[in-house]
Amino acid sequence: MSDNVWLVAGLGNPGPGYAGNRHNVGQMVLAELAARIGAKFGKHKTNSTVAEGFLRPGGPKLILAKPNSFMNNSGGPVSQLLNFYSLEPSHLIVVHDELDIPFDTVRLKSGGGPGGHNGIRDIISAAGTPDFIRVRVGVGRPPGRMDAADFVLRDFSGTERQALPNLLVDAADAVEKIADDGLTAAQQQFHSPA
């Protein structure tokens, strides 16, 4: 059964003050996925908010988890979730914001370093391996000389908010494709020029 179970962690910061930030795009994608599978988020003993459901009857099971910790401390809750559900890191999909990818772009990878992303760095440390799948949701680079940390803690601009629903749909589609057909098939679909 566990071959068809995926832990999908959407990174962000807790609390309504951060909800619209670029840094919280991972949690926005999880809201889209939860709506699709008809699952409601509830408290979980792993310091996360969790929703569970199947993509379709007999299809892959998704455990959607939003760590209640701040972004830079995501590793503890994610590691606890892997243990609680007896899943290997190879069945972990982390959805997170990515500065090095243009806004409105989704890129997929497994393994590698954190690329300057402290949430990913903490998960690698806690899980003991970099070998998990990342759905990297492009938020673009900060304008001018704005500090990257300030940029990701700001809400999306008005123009970006118009395109955001499509970006969230693309990222949710990517998670579903990974769960259904594997990373390589998903990369072929989402990395090919449209």
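The values are calculated or read from the model by the stated rules, or taken from the named source; none is laboratory data. All figures in this text were calculated on a predicted structure; none of them were measured in a lab. Here the Cβ positions follow ideal geometry from the backbone for every residue, glycine too, while neighbour counts run over all protein chains shown. Each accessible area value is taken on the protein alone, full model and side chains, heavy atoms only, with ligands, DNA and RNA left out. Shrake-Rupley method; radii C 1.70, N 1.55, O 1.52, S 1.80 Å.
A few comments on the model shown:
- For the stretch 1-21, the set of residues classified as in contact with a Leu (Cβ under 9 Å, 6 or more places away or on another chain) and outside any loop (DSSP other than H, G, I, E, B) consists of S2, V5, W6, L7, V8, A9, G10, Y18, N21, listed by residue number.
- Subset of the stretch 1-22 that is surrounded by fewer than 23 Cβ atoms within 10 Å (Cβ to Cβ), aliphatic (A, V, I, L, M) and more than 23 Å from A163 (Cβ to Cβ) - its residue that is modelled with the highest pLDDT: V5
- When residues in the stretch 22-44 are screened for being within 23 Å of L87 (Cα to Cα), of a type in the set (G, A, S) and not in a loop (DSSP other than H, G, I, E, B), 4 of them pass.
- The selection criterion, being in contact with an Asp or Glu (Cβ under 9 Å, 6 or more places away or on another chain), open to solvent by less than 40 Å² (accessible area, probe 1.4 Å) and modelled with pLDDT of 95 or more, holds for V25.
- Every condition in (1) closer than 22 Å to V137 by Cβ; (2) outside any loop (DSSP other than H, G, I, E, B) holds for S69 except the one numbered (2).
Condition check ((1) farther than 25 Å from A31 by Cβ; (2) in a loop (DSSP other than H, G, I, E, B); (3) modelled with pLDDT under 95) across all residues:
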position: R141; (1), (2), (3): yes, yes, yes
position: N166; (1), (2), (3): no, no, no
position: E176; (1), (2), (3): no, no, no
position: Q187; (1), (2), (3): no, no, no
position: A194; (1), (2), (3): no, yes, yes
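- Scanning the stretch 106-135 for residues that are open to solvent by 40 Å² or more (accessible area, probe 1.4 Å) and either among the aliphatic types (A, V, I, L, M) or part of a strand (DSSP E or B) (or both) turns up R107, K109, S110, A126.
- Inside the stretch 56-70, residues that are open to solvent by less than 70 Å² (accessible area, probe 1.4 Å) and modelled with pLDDT of 95 or more make up a count of 10.
- Matching residues, the stretch 28-51, being open to solvent by less than 10 Å² (accessible area, probe 1.4 Å) and closer than 22 Å to L153 by Cα: V29, L30, S48
- Qualifying residue in the stretch 78-94 (condition: touching a helix residue (DSSP H, G or I) at 6+ places or on another chain (Cβ under 7 Å), in a loop (DSSP other than H, G, I, E, B) and under 26 Å from N166 (Cα atoms)): no
- Test: T159 is of a type in the set (S, T, Y) and closer than 16 Å to A9 by Cβ: no
- Condition check for K45: within 15 Å of the chain's Cα centre (by Cα) and basic (K, R): no
- When the stretch 136-157 is filtered for residues that are in contact (Cβ under 8 Å) with a residue 12 or more places away in the chain, of a type outside the set (D, E) and open to solvent by 60 Å² or more (accessible area, probe 1.4 Å), the ones remaining, listed by number, are R141, L153, R154.
- Any pair with Cβ under 9 angstrom, 6 or more apart, that starts in the stretch 26-55 at a residue that is within 14 Å of P67 (Cβ to Cβ) and without any contact (Cβ under 8 Å) to a residue 60 or more places away in the chain and ends at one that is surrounded by fewer than 18 Cβ atoms within 10 Å (Cβ to Cβ) and among the basic types (K, R): T49/K43; V50/K43; A51/K40
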